[in-house]
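What follows draws every value from the coordinates through simple rules; no lab data is involved. A quick note: this is a predicted structure, and the numbers were derived from the prediction, not measured. Reconstructed Cβ throughout: ideal geometry from the backbone, glycine too, with neighbour counts over all protein chains shown.
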Amino acid sequence: MSEQSAKPYLVRAICEWCADNGLTPYLNVRVNADTRVPTAYVKNGEIVLNVSAAATRRLTIDNHGVRFSARFSGASQEVSVPMSAVIGVFAKETGYGFAFATARDPVASLAAATAPDTDVGGAPERDSRKPDAAKQRGKGKARPSHLQIIK
């Protein structure tokens, strides 16, 4: 038996916590072919949706996705977002919430994450038009990341 994702449970929990504390729950969604959202509000392939009780009608958050009806510029629209497209849930007022890792192609994402940041000559890749972030902070050398990939 395969283990179920914790994502839908966390989304529901943050939405319930927001409601209990008078906060506004927002979903950050990566728009794909399976999402039904008003395309006029999509920016860079993503949309942020207010999923509070005051902003939605017939809100359903189950293990498969989020569905509701809401008004956008005065027109009522049906919204349907598969759980796989949800990339974050947070309280508008405090920013507290969760961001979820999403991989469009798991193999390509792993390869990109583990590839060294060097070009053919072995020098680190860097846009010569932009100043080095470490030098901007007054440091001569950037620190290596403390994060590591666990396989």
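If you plug each phi of region 37-48 into the Karplus form 6.51 cos²θ - 1.76 cosθ + 1.60 with θ = phi - 60°, what whole-Hz ³J(HN,Hα) values come out, in order, with x for Gly and Pro?
Going residue by residue, I get 9, x, 5, 5, 9, 7, 10, 6, x, 9, 9, 10 Hz, with x marking Gly and Pro.
Each residue of region 59-68 in order: what ³J(HN,Hα) in whole Hz does its phi give by Karplus 6.51 cos²θ - 1.76 cosθ + 1.60, θ = phi - 60°, with x for Gly and Pro?
5, 10, 10, 10, 5, 9, x, 10, 9, 6
For each of Arg57, Arg30, count neighbouring Cβ atoms within 10 Å of the residue's Cβ, then give the residues from fewest to most.
Arranged by neighbour count, lowest to highest, Arg57, Arg30 become Arg57, Arg30.
Once you have a ≥ b ≥ c as the square roots of the Cα gyration tensor eigenvalues for region 1-82, tell me rounded if a/c is under 1.5, and otherwise prolate or oblate according to whether a/b is larger than b/c.
oblate
Mind sorting Ser76, Ser84 by how few other Cβ atoms lie within 10 Å of their own Cβ, fewest first?
In order of increasing Cβ crowding within 10 Å: Ser76, Ser84.
Using a cut-off of 13 Å between beta-carbons, work out the net charge of the residues near Ala54 (Lys and Arg +1, Asp and Glu -1, Ala54 not included).
So the surrounding residues net to +3.
Kindly identify region 1-44 as rounded, prolate or oblate by the Cα gyration tensor criterion: order the square roots of the eigenvalues as a ≥ b ≥ c, call it rounded if a/c is under 1.5, otherwise compare a/b with b/c, prolate if a/b is larger, else oblate.
Taking the square roots of the gyration eigenvalues as a ≥ b ≥ c, region 1-44 is oblate.
Tyr26: net charge of surrounding residues, Cβ under 13 Å, Lys/Arg +1, Asp/Glu -1, itself excluded?
Net charge around Tyr26: -1.
Could you list which residues have their amide H under 5 Å from that of Gly88, counting only those 5 or more apart in sequence or on another chain, with H placed in the peptide plane?
Residues meeting the criterion, in which the H sits 1.01 Å from N, are Asn28, Phe100.
So between Tyr9 and Thr39, what do we pick up on full extension, going 0.36 nm a residue minus the alpha carbon distance?
Extra length from Tyr9 to Thr39 when fully extended: 8.1 nm.
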